[in-house]
Amino acid sequence: MSTGTDFYADPSETSEGRVFTVTGQDWDEIASGLGEGDAAERVVVNMGPQHPSTHGVLRLILEIEGETVTEARCGIGYLHTGIEKNMEYRTWTQGVTFCTRMDYLSPFFNEMSYVLGVERLLDIEDDIPEKAQVMRVLLMELNRISSHLVCIATGGMEIGALTVMTIGFRERELVLDLFELITGLRMNHAFIRPGGVAQDLPPGALDEIRSFVALMKKRLPEYAALCNANPIFKARLENVGHLDLEGCMALGLTGPVLRSTGYGFDLRKAQPYSGYETYDFDVQTWDTADSYGRFRVRLNEMWESLKIIEQAADRLARLEGAPVMVADKKIAWPSQLSIGSDG
């Protein structure tokens, strides 16, 4: 049992030892701090950690006046799973299986950021086969589309635009079908690995990808018709959640949130990786710095992702039969695994 200043339980000790509890989370402070004169108009709402609107285990303590959130405090950490500690006891390749679960809506970006770091440590950045780099770009752009679709769909659901939710998940299902075709899994793929990717494209994958691009070009205008031209949808998002460039810099925010302020920063252009500098695409920005601007950036970025996917598909057609993993057997898995009589 832990004693003295030793705050950690002994090995295999799971039910005894010093117990730490976390309570409060500023609830009492906020509730008791409401002004006496206008307390009737202001309400404190405890939202989460399990709530259909959070899309993740998060606790929000909201002070609301009408439909306006005047103050918000969040409690995070409910999804802590000890990923970093678990990865200390795994190989470089096994670590990918943990990274892919950090954000299940964009697993390939998690895998890629981890793998890029590992490859730099191993000094094999220049040894990655061209086809593996193209496949990585292809998967990330497909993933960008699926992630943006979930954001738009769930956002529409929260403001009552259920049709937006329906068509958003309709298109995302098509992307997940492609993921399953290429990697064998719809989510948590662990497909991008140090040295390349797990395996080559299956037969017929490029035809399916091109069919998806053609279909998305027909369906994306539906979002413009349902959202951009919808006065209720715009009224719910315009001038809501304002976060300007200064606020983004102070909070370290990037991606569509940053680009919605009009600042066209994109790592694919600023610090290219996996050959992004060789693809033709434009960085999408908006200048309203609100929820509507973030929606428009994501919608426009899906068009750019389709352009990149088309270019990647053309390159993959020319690279048929090319390797997708480095030749170093200390890094790459064997191309064929055999099981002996001893198992």
Cα gyration tensor category, rounded, prolate or oblate, for region 41-191 with a/c compared to 1.5: oblate
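Report the number of Lys pairs in region 205-343 whose alpha-carbons are under 25 Å apart, with separation of 8 or more residues or on distinct chains. Write out the running numbers ahead of the final one.
Numbers: Lys217/Lys234; Lys217/Lys269; Lys217/Lys307; Lys218/Lys234; Lys218/Lys307; Lys269/Lys307.
Lysine pair count for region 205-343: 6.
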Gain on full stretching of the segment that runs from Lys85 to Met102 - 0.36 nm per residue minus C-alpha separation: 4.8 nm
Label-point separation in nm, Leu215 to Leu253, each point 7 Å along Cα→Cβ: 3.4
J(HN,Hα) series, region 70-77, from Karplus relation 6.51 cos²θ - 1.76 cosθ + 1.60, nearest Hz, glycine and proline x: 8, 8, 9, 10, 10, x, 10, x
Burial order of peptide ranges 211-222, 177-188, 288-299 (average beta-carbon count within 10 Å, highest first): 288-299, 177-188, 211-222
FRET efficiency estimate (nearest 0.05) - Cβ-Cβ, Ala322 to Glu208, R0 22 angstrom: 0.65
Residues in region 93-109 reached by a label modelled at Phe169 [backbone nitrogen below 18 Å; 7 Å Cα→Cβ]: 104-106
Whether region 218-299 is rounded, prolate or oblate, judged on the alpha carbon gyration tensor where a/c under 1.5 counts as rounded: oblate
Förster radius 45 Å - calculated FRET efficiency between Asp123 and Glu222 (Cβ-Cβ, nearest 0.05): 0.40
Prolate/oblate/rounded call for region 67-148, Cα gyration tensor, a/c under 1.5 rounded: oblate
Percent of alpha-carbon pairs separated by more than 25 Å within region 83-325: 45
Sequence ranges 306-312, 245-251, ranked by mean other-Cβ count within 10 angstrom, highest first: 306-312, 245-251
In nm, spacing of pseudo-spin labels at Val69 and Asn188 (7 Å Cα→C-beta vector): 2.9
By average C-beta atoms within 10 angstrom, highest first, the peptides 323-331, 75-83: 323-331, 75-83
Assigned charges on the beta-carbon of Lys, Arg, Asp, Glu; region 217-343 dipole about Cα centre (debye): 280
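Read-outs: derived from the displayed coordinates by stated rules, not from any lab. Bear in mind the structure is a predicted one, so any value in this text is a computation, not a measurement. Quick reminder, even Gly has a Cβ in these numbers, built from the backbone with ideal geometry, and neighbours come from all protein chains shown.
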